[in-house]
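Right, one structure below, let's go through it.
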Ligand SMILES: [Zn+2]
């Protein structure tokens, strides 16, 4: 099978940009659907199925190449994304976005440190003309969230994490989400859920989603202080299925039923309701 990247220097420039939060989220979701479709196409090749070659048109604008030498593009992203530093989560690829589409801030565990807030404040003010949306993007099997869960479940066994100040700055920010996910799992599945042999994995998975929602809640309050009318949303990239979803899924089909993005909760009660919804999507094994 061939994948052909077809470069046309004279292709008409598509300057259509999302004009509001709803259009921005739709553009991101459509981009993720194209990414999922390409992944699926490649997996069909791996499975030995006969597939057509793919032609991917590319333009100078998509690549960030100045159309005329000596001229640089205006910085005009339509969305800001706070994502994890994990190398398996390439944000522009996941959303099939081009150069200058996304203002991306990446840090382990997609936690909200001061430098992250400063970067996003810059985007929300200096780039406000083009910026229509802000997303917190977590991902499944996040190592930073996994470390926080391990410290939560067994602090004495993870002294190297628990007593490392640089690592603690990340773990501590995730711990509230882990506690919130643990409470939600117990409320939905009963107190015995913590004895389930898959409990650690359940808690890590639930915490990845709660952490994205919690960070969105925190970030929305920060953004409100510097820019009016910018909505923060959250989502989680599922590394097994290549889709973005606001609640856990167990198959690509379930991604069609789940919303791609959730709106940042407005208060702690709304955050707890989201944690319960996430816990309801988890299916503990019988043990
Ligand atoms: Zn991660």
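Across q = 0.17, 0.21, 0.24, 0.25 Å⁻¹, segment 136-202 modelled as identical point scatterers on its alpha-carbon atoms has Debye log10 I(q)/I(0) values of -0.63, -0.92, -1.12, -1.17, in the order of the q list.
The helix-based estimate of mean residue ellipticity at 222 nm for the chain, built from -39,500 (n - 2.57) per DSSP H run of four or more residues and divided by its residue count, is -15000 deg cm²/dmol to the nearest 500. When you restrict to C-alpha pairs under 8 Å that are six or more residues apart and normalise by the size of segment 176-272, the relative contact order lands at 26 percent.
Volume of the convex hull of segment 165-287 (Cα atoms only), normalised per residue: 128 Å³. Once the chain from residue 156 to residue 93 is taken as fully extended at 0.36 nm per residue, the excess over their C-alpha distance is 18.7 nm. Each part reduced to its alpha carbon centroid, segment 144-180 and segment 205-233 end up 21 Å apart. Quick one: work out Rg over Rh on the C-alpha atoms of segment 74-133, Rh as Kirkwood radius. Over the Cα atoms of segment 74-133, Rg/Rh equals 0.96. Overall shape of segment 245-285 was characterised from the C-alpha gyration tensor. The equivalent ellipsoid obtained from it has semi-axes of 20, 14, 5 Å, in decreasing order.
Within the chain, antiparallel bridges make up roughly 20 percent of the DSSP beta bridges whose residues both belong there.
When you restrict to C-alpha pairs under 8 Å that are six or more residues apart and normalise by the size of the chain, the relative contact order lands at 19 percent. With semi-axes defined as the square roots of five times the eigenvalues of the C-alpha gyration tensor, the equivalent ellipsoid of segment 215-279 measures 25, 14, 8 Å, largest first. For segment 80-175, the calculated P(r) over all alpha carbon pairs, in 5 Å bins from 0 to the bin holding the longest distance, is 3, 13, 21, 20, 17, 11, 8, 5, 2, 0 percent.
Per the Debye calculation on the chain with a single equal scatterer at every Cα and no solvent contribution, log₁₀ I(q)/I(0) for q = 0.14, 0.17 Å⁻¹ amounts to -1.05, -1.38. With the cut-off at 1.5 for a/c, could you classify segment 123-172 from its C-alpha gyration tensor as rounded, prolate or oblate? In terms of gyration-tensor shape, prolate. For segment 112-128 versus segment 7-82, the spacing of their alpha-carbon centroids is 25 Å. When Rg and the Kirkwood Rh are both derived from Cα coordinates, the Rg/Rh ratio for segment 168-218 amounts to 1.00. Normalised by the residues of segment 87-226, what does the relative contact order come to in percent, with Cα pairs under 8 Å and at least six apart? Result for segment 87-226 is 32 percent.
Take the chain, connect every pair of alpha-carbon atoms lying under 10 Å apart with a spring to form a Gaussian network, then pick out the residue of 202, 131, 82 with the largest mean-square fluctuation. Highest fluctuation of the listed residues: 202.
Net length available on complete extension from residue 115 to residue 5 is 35.9 nm, with 0.36 nm assigned per residue and the Cα-Cα distance removed.
Under Stokes-Einstein, with the Kirkwood radius over Cα pairs as Rh, the value for segment 1-44 at 20 °C and 1.002 mPa s is 165 µm²/s.
Listed from fewest to most Cβ neighbours within 10 Å, the set 121, 257 follows the order 257, 121. Given 25 °C and 0.890 mPa s, how large is the Stokes-Einstein diffusion coefficient of segment 45-204 in µm²/s, with Rh as the Kirkwood radius over Cα pairs? Result for D is 129 µm²/s.
How high is the FRET efficiency between residue 276 and residue 240 when r is their beta carbon distance and R₀ equals 22 Å, given to the nearest 0.05? Could you put the intermediate results ahead of the total?
Details: r = 24 Å, r/R0 = 1.08.
With a Förster radius of 22 Å, E is 0.40.
Computed over the alpha-carbon pairs of segment 1-95, the distance histogram in 5 Å steps reads 2, 10, 15, 19, 20, 17, 11, 4, 1, 0 percent, short to long.
Bear in mind that the values in this text are calculations on the coordinates, not laboratory data. This is a predicted model, so every value here is computed, not measured. Cβ coordinates were reconstructed from backbone atoms using ideal geometry, including for glycine residues, and neighbour counts include every protein chain displayed.
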